[in-house]
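First comes the structure, then the notes that go with it.
The values are calculated or read from the model by the stated rules, or taken from the named source; none is laboratory data. These numbers were taken from a predicted model, which means no experiment stands behind them. Here the Cβ positions follow ideal geometry from the backbone for every residue, glycine too, while neighbour counts run over all protein chains shown. Please note that ligands, DNA and RNA were not included when accessible areas were found on the heavy atoms of the full protein model with its side chains. Shrake-Rupley method; radii C 1.70, N 1.55, O 1.52, S 1.80 Å.
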Amino acid sequence: MSDGRPETQRMGLGVSPGIAFGRAYLIGRDTMKAPRHHVEADDIDEEIARLHKAIAASDKQLAKIKLKLASENESDYHIITAHQLMLHDEHLVGAAIEYIKTELINAEWGLRRAVDDITRVFDTIEDPYLRERRSDVEFVFERVLRNLLGRETGPLQPPPDAIVVAYDLSPADTAQLHKAAVAGLITDAGGKTSHTAIIARAHEIPAVVALEDITERVETDDLLMIDGSSGLVIINPSAATVGTYRDEQRRQVAAGAKLHAMRALPATTRDDVEIRLLANIDGTDELDDALEYGAMGVGLYRTEYLMMQADALPDEETHYRAAVKVLEKMSGRSATIRTFDLGSDKLAKFLTDADLDEANPALGLRSIRLCLAPIGRPLFDAQMRGLLRASAHGPLKIMFPMISGVAELRAVRVIVDQLMADLRAEGKPFDDHVKLGIMIEMPSAALTADLLAAECDFFSIGTNDLIQYTMAVDRVNEYVSHLYEPLHPALLRLLGSVARAAADANIPVTVCGEMAGDPLIAPVLIGLGLRELSMSAVSVPEVKATTRRTSAVDAALLVTAILKVATAAEVRALAVAYHASLFVGDENGGKGPA
Ligand code: PEP
Ligand code: MG
């Protein structure tokens, strides 16, 4: 069982529940770490050709960047020229090829070895300036590595039932790793709302992130046990450990089946307040699951996955067909489609590094900003035309992500009005009164929610980003994931004021970030006045079990107490106590607190 190697344990952040056993499958795509594997002698030429191709692509990208810099920044221009020279330096390329040939290793690892040899020399240099040039070598290495690991390398194909081990996974990569294909995912990097986590939850793949150095501790084919709830990863578990966790796995599956049986019941509270639980989906293939788990509709369709997974950019027809499919499947239930939210950690093939070379992508040209910029505008127009035409088929709700305030909302509406006028002139039908809403996911929007409410039809609070921007915590950075706190008093105040602004303007408001799917937090959201929660379909039954035991009056009292305490830890303690009280006395009918 343990392959002769001792059992070891690592603790990370459990982000998608469930226990999984499987053989490790290490991948390095879209990471800054070089994957390491041996190649057959017959494949050496191919590895060397890959290296040359990646170097040529890197050279081309640097040339493009240089062109932009030529008139602006002379010293950077020279540094990039130096980087281009490095790309062709025999000490680097020649040495990497030598490693590939003599050690029968892949191009990425050959290059890593050659870079290590060079940087070791830099480390011995006394002059601090020259010593720091080591980072230039790393910079060049990272660029070539990115190209070696580029998306054109084809889909990931881990063996079925493998546990994928990676430094990090791009959202497009994670989306390919459907539950049928892999047993679990574990990564060095990431946080609770990184897209790896979100997609893993949607596909019910147990996942643990923020393990820091798991890619260095695990080798391909090691036996792994992962617990996506607690964050525990056991490498080479003993027979006794496997036995214990297999029992726990069976217990969890049985509990899941019980929750699933509730899917036809409403999520109404004990005091008859209707709570609407909706599903977040990344593709139309998740619509059946949404209904299966008892969601009352789609609260968020992340359409950017249409762009991240496709080889060709989706055109108006593709958007039209996807939206019509959602409407048909939902047949009158909520169907909220978000226009594409690309940029930052969600990149599409059409956006290469060279297009968007930003120091702070999360604060950069992402989401609606990208749609309004020349580079994204044609895609946005095509999507909007498709969505507007689909609105003729049912009660479609269209929402715009990352709106910063009224001016940006108005800029979007000018475009929408123009596209509507075009469709009218072309005689193409659409719903003149289609609902147009916005995501509240920046403090600037939350703080002006009253102004925004006057100019749109609905709100959806994207807490994943709202937490990120309120707390200044990168949602995918494992070093600060402990600071990413949904129950921080600052966030709860923002949520409360957005809920009030929506109520005052009489417009609906949904919460569609990951915290909406956390049963511990649901009573807090209800107490803040929120009545619509949108989450991964698989979370619906558990949240429903909680809402059905909650009373809206008690939840409001809970929030009154919560708003008096000063730290997230104190808020959490109150939320935990309340949630536990709901399930006390299951033996006498589970009526919850008196
Ligand atoms: C959010 O930010 O909460 C959200 C739902 O959008 P995404 O996670 O896709 O950024
Ligand atoms: Mg968001």
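Observations on the structure shown:
- Selection from the range 552-567 of residues that are among the small types (G, A, S) and crowded, with 19+ Cβ neighbours inside 10 Å: A552, A555
- Filtering V538, V524, V473 for residues that are over 18 Å from the mean Cα position of the chain (by Cα) and not assigned by TED's automatic domain parsing to the domain that holds G364 leaves a single hit, V524.
- Test result for T547, modelled with pLDDT of 95 or more, buried (at least 24 other Cβ atoms within 10 Å of the Cβ) and away from ligand 1 (no atom under 16 Å from the Cβ): yes
- Condition check for E204: of a type in the set (D, E, K, R), in contact (Cβ under 8 Å) with a residue 12 or more places away in the chain and farther than 18 Å from V164 by Cβ: no
- Any hit, the range 366-382, residues being in the same structural domain as F340 (by TED's automatic domain parsing), open to solvent by 10 Å² or more (accessible area, probe 1.4 Å) and within 16 Å of ligand 2 (Cβ to nearest atom): yes
- Pair list, Cβ < 9 Å and 6+ apart or interchain, from the range 314-334 residues that are under 16 Å from D431 (Cα atoms) to residues that are of a type in the set (K, R) and outside any helix (DSSP H, G or I): S334/R276; S334/K397
- Here the range 443-500 is the region considered, the condition is being in contact with a Lys or Arg (Cβ under 9 Å, 6 or more places away or on another chain) and hydroxyl-bearing (S, T, Y), and the residue that is nearest to ligand 1 (Cβ to nearest atom) is S460.
- Evaluation of M420 against the conditions (1) in the same structural domain as G343 (by TED's automatic domain parsing); (2) out of contact with any strand residue (DSSP E or B) (no Cβ under 8 Å at 6 or more places or on another chain); (3) in contact (Cβ under 8 Å) with a residue 40 or more places away in the chain shows that the sole unmet condition is (3).
- Those helices (runs of 4 or more DSSP H) lying entirely in the range 1-103 with at least 3 residues at pLDDT below 85, more than 30 Å from P206 (Cα to Cα) and aliphatic (A, V, I, L, M): 44-69, 74-87
- Residue count, the range 353-412 (criterion: β-branched (V, I, T) and within 16 Å of ligand 1 (Cβ to nearest atom)): 3
- Evaluation of Y469 against the conditions (1) open to solvent by less than 40 Å² (accessible area, probe 1.4 Å); (2) within 14 Å of ligand 2 (Cβ to nearest atom) shows that the sole unmet condition is (1).
- Given (1) in contact with a Gly (Cβ under 8 Å, 6 or more places away or on another chain); (2) closer than 30 Å to L342 by Cα; (3) not acidic (D, E), index of the condition T303 fails: (1)
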